[in-house]
Amino acid sequence: MAITRVENRKFLEQLHSLDTHDWSRPTACDRWDVRAVAAHVVGGAAGQISPREFLRQVRAGRPLMEQIGAQYWWDGMNEIQVRERSTLPTADLIAEWERNAERARAARTRMPRLITRLPLLNLPAPVGRQPLAYLFDIGFTRDVWAHRMDIAAATDRPMDLDPAHDGRIVADIVAEWAATHGEPFVVELTGPAGGTYTSGSGGETVSLDALDLVAVLSGRAQGEGVLRNTLPL
């Protein structure tokens, strides 16, 4: 949750830095421009605050799944978050994040551990079955970070990165990715969020920027060799 607080602040600062033309730039997310990506993140916070709102978004999104060619229920939910904020002025979108980000983080800390341990999530391979804690403790924060990366790339602006915060998030992604495929490797990541990671022995050595690695693992870019293994983000 300490990491979440920092990430929420960085996302807010990024939104404030965008100019009028940035909001309409296309992103690596299918069908979404920068504004839609921001609307999804903002809408996600609203669902985290209230279980009732979360379920409402899930139900409202289900009829949209076929329309947008979605495979998973959360795709419809994400679409509802975007559509319901499509006419909001960008200032109001930013204000909603500023108003709700900390409330969402606090709500996640209050979720009873007996409930968060329930293995209710059936996520795409290779992640598979996970407890709710995977979403509340890891997934929501990682989602904001990944979309901050998308916005930075779409607007050709540097992403605010530092070893203590962003390097920790990248290390967590690499550790989970390594556990899902089990192949040996040495990954040498450059940039402020970089580091060197080793798993097993005798594997290939891969050198690239930390953000480029995450783009490949998440399917935003193509990878070969050990990087053919992906991790849904």
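The values are calculated or read from the model by the stated rules, or taken from the named source; none is laboratory data. Remember, predicted model here, so these are calculated numbers, not experimental data. Positions of Cβ are backbone-derived with ideal geometry, glycine not excepted, and every protein chain shown enters the neighbour counts. Keep in mind that these areas ignore ligands, DNA and RNA; they rest on the heavy atoms of the full protein, side chains included. Shrake-Rupley method; radii C 1.70, N 1.55, O 1.52, S 1.80 Å.
Given the conditions (1) in contact with a helix residue (DSSP H, G or I) (Cβ under 6 Å, 6 or more places away or on another chain); (2) assigned to a loop (DSSP other than H, G, I, E, B); (3) modelled with pLDDT of 90 or more, which single one is not true for THR87? THR87 satisfies all of (1) in contact with a helix residue (DSSP H, G or I) (Cβ under 6 Å, 6 or more places away or on another chain); (2) assigned to a loop (DSSP other than H, G, I, E, B); (3) modelled with pLDDT of 90 or more except (1). Taken as a whole, the condition of being of a type in the set (A, V, I, L, M, F, W, C) and more than 18 Å from the chain's Cα centre (by Cα) applies to LEU120. Taken together, ALA154, ALA91 contain a single residue that is small (Gly, Ala, Ser), under 29 Å from ARG25 (Cβ atoms) and surrounded by 17 or more Cβ atoms within 10 Å (Cβ to Cβ), which is ALA154.
Restricting the range 1-58 to residues that are of a type in the set (S, T, N, Q) and under 12 Å from ALA154 (Cα atoms), the residue that is surrounded by the fewest Cβ atoms within 10 Å (Cβ to Cβ) is SER24. In the range 178-233, what residues are assigned to a helix (DSSP H, G or I) and in contact with a Pro (Cβ under 6 Å, 6 or more places away or on another chain)? Correct list: THR180 only. All of GLN14, GLN57 fail the test of being closer than 24 Å to ASP162 by Cα, of a type outside the set (Lys, Arg), at pLDDT 95 or above and part of a helix (DSSP H, G or I), apart from GLN14. Close contacts from the range 173-189, counting a first residue that is farther than 15 Å from LEU211 by Cβ and open to solvent by 40 Å² or more (accessible area, probe 1.4 Å) and a second that is modelled with pLDDT of 95 or more and in a helix (DSSP H, G or I), with Cβ to Cβ under 6 Å and a gap of 6+ residues or different chains, come to GLU183/VAL226. Say we look at the range 108-128 and pick out the residues that are in a helix (DSSP H, G or I) and farther than 22 Å from ARG148 by Cα; which of these is most open to solvent (accessible area, probe 1.4 Å)? Filtering first and then ranking leaves LEU114. Pairing residues of the range 60-81 that are farther than 16 Å from LEU233 by Cβ with residues that are outside any helix (DSSP H, G or I), at Cβ distances under 6 Å and at least 6 apart in sequence or on separate chains, gives GLY76/ALA70.
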